[in-house]
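Below: one structure, written as C-alpha cells.
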Amino acid sequence: MLDTCRFRAGPDEPAPAQRQLHRLARDRVTHNLGIIGPGVTFREHAQRAWDIPESYRRNRCCLSAHGCGMTGEYPCLYHRADSGDAGYDGVIEPGMTLCVESCIGRERDRGREAGTTSAGH
C-alpha cells in the first residue's frame, strides 16, 4: 500500500532533481522493507537501515519506520544517527504493521518527495 497524502504531481514531466528524489525514496523504502521481519530488534533495524546521504540528513523524516498512523505511533524505529539519543529497543513481532518512511529532500530544495509504505509481517 502506498500513502500518497504528501505526494504532488503536476502536468509537466518531473525535473531531473525530482526523478533523483523519487529514486532515492524508492531505494530507501525497498532496502528498509527488506530488513524488517519478526525477531529483528528496533536497534538492529536502526543499524541495518538505509543510510541517508549526508546532503539529505537535515530534512529527513524523524523516523525510519513507525506504527500505523501519520507518525510517532508505537513502535518508533529511529534512524541510525538518532537511535542512541531518542530511540528505545523492542522487537518486531509477527503480525505487527509498520509504516516505512520515504520522505527525503536536501536542505536547499523547495519541496520533498514523500510518502509512506506500509507492510504487515
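Just one of (1) within 16 Å of Asp89 (Cβ to Cβ); (2) hydrophobic (A, V, I, L, M, F, W, C); (3) at pLDDT below 85 fails for Cys5. It is (1). Taking every residue in region 18-30 that is aliphatic (A, V, I, L, M) and pairing it with any residue that is at pLDDT below 90 and open to solvent by 100 Å² or more (accessible area, probe 1.4 Å), at least 6 positions away or on another chain, the pairs with Cβ-Cβ distances below 8 Å are Leu21/Arg112. Screening Ile36, Ile52 for residues that are touching a residue at least 60 places away in the same chain (Cβ under 8 Å), surrounded by 14 or more Cβ atoms within 10 Å (Cβ to Cβ) and in a loop (DSSP other than H, G, I, E, B) leaves exactly one candidate, Ile36. Residue count for region 55-69 satisfying the condition of being in contact (Cβ under 8 Å) with a residue 40 or more places away in the chain and either touching a helix residue (DSSP H, G or I) at 6+ places or on another chain (Cβ under 9 Å) or not in a helix (DSSP H, G or I) (or both): 4. The set of residues in region 27-71 that are touching a His at 6+ places or on another chain (Cβ under 6 Å) and modelled with pLDDT under 90 contains only Ser64. When region 72-104 is filtered for residues that are open to solvent by less than 30 Å² (accessible area, probe 1.4 Å) and either at pLDDT below 80 or not in a loop (DSSP other than H, G, I, E, B) (or both), the ones remaining, listed by number, are Cys76, Leu77, Ser83, Gly87, Leu98, Cys99, Val100, Glu101, Ile104.
The values are calculated or read from the model by the stated rules, or taken from the named source; none is laboratory data. Just so you know, these numbers come straight off a predicted model, no measurement behind them. So basically every Cβ, Gly included, is an ideal-geometry build from the backbone, and we count neighbours across all protein chains shown. For accessibility, only protein heavy atoms count, side chains too; no ligands or nucleic acids. Shrake-Rupley method; radii C 1.70, N 1.55, O 1.52, S 1.80 Å.
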